[in-house]
Amino acid sequence: MYTRDETRQIRQAFWTAFGQYMALHPSAEGEKVGWINYKTGIKHLYFKMDAGSHHASIAIEMAHPDAGIRALMYEQFLPFRTLLHGMLGEEWDWSSEHQDAFGKTSARIGTELGGVSVFNRSDWPALISFFKPRMLVLDAFWTDAQYSFELFR
């Protein structure tokens, strides 16, 4: 078992390594981008990656505190479902009401990879191989889709 400080250090080391690796890749528009803290330009709309002790996940998260606006954001994504899945080459889970471990409600579109741990350095290549292509696709997808979300700016 790791102490809280060791846990933080390991996670920080992974995300630093991932960020350095991804820094080699420009955005779909050819610009430098902060892949770990990807800026969608829409308040309460995030591309989130998480790596834990048993799995990793990546998602589009709509976390607006107003349930009605959050539902509208989610509905705005529905026409893009086929396009997104086609670009990803896989189907993601869609949830208009997702509760995280802290009880916070959001709408989420995402996928998970089981059987990996950020605390096992030998899993880091699998984690990077999971996150990298999906973040690149999300960026390419967002380059075109973002204009449909202007009303939420």
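Okay, here's what the table says:
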| quantity | calculated |
| --- | --- |
| Search result, residues across the stretch 37-59 that are within 13 Å of the chain's Cα centre (by Cα), assigned to a loop (DSSP other than H, G, I, E, B) and basic (Lys, Arg) | 39 |
| Residue among 111, 143 that alone is at pLDDT 95 or above, within 22 Å of residue 41 (Cα to Cα) and either surrounded by fewer than 17 Cβ atoms within 10 Å (Cβ to Cβ) or polar (S, T, N, Q) (or both) | 143 |
| Residue that is farther than 18 Å from residue 132 by Cβ and either in a loop (DSSP other than H, G, I, E, B) or among the small types (Gly, Ala, Ser) (or both), where the choices are 86, 34 | 86 |
| Tally, over the stretch 70-90, of residues that are surrounded by 14 or more Cβ atoms within 10 Å (Cβ to Cβ) and over 17 Å from residue 110 (Cβ atoms) | 2 |
| Among residues of the stretch 91-108, those that are closer than 28 Å to residue 9 by Cα and loosely packed, with under 12 Cβ neighbours inside 10 Å, counted | 5 |
| Matching residues in the stretch 11-31 - criterion: being part of a helix (DSSP H, G or I), of a type outside the set (Lys, Arg) and within 19 Å of residue 48 (Cβ to Cβ) | 12, 14, 15, 16, 17, 18, 19, 21, 22 |
| Pairs, first more than 14 Å from residue 137 (Cβ to Cβ) in the stretch 23-35, second surrounded by fewer than 10 Cβ atoms within 10 Å (Cβ to Cβ), C-beta under 7 Å, six or more apart | 26/32 |
| Count - residues of the stretch 110-153 that are part of a strand (DSSP E or B) and closer than 25 Å to residue 32 by Cα | 1 |
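The values are calculated or read from the model by the stated rules, or taken from the named source; none is laboratory data. Bear in mind that the values here come from a model prediction, so they are computed numbers and not experimental data. For neighbour counting, all protein chains shown are included, and Cβ atoms are generated from backbone atoms with ideal geometry for every residue, glycine included.
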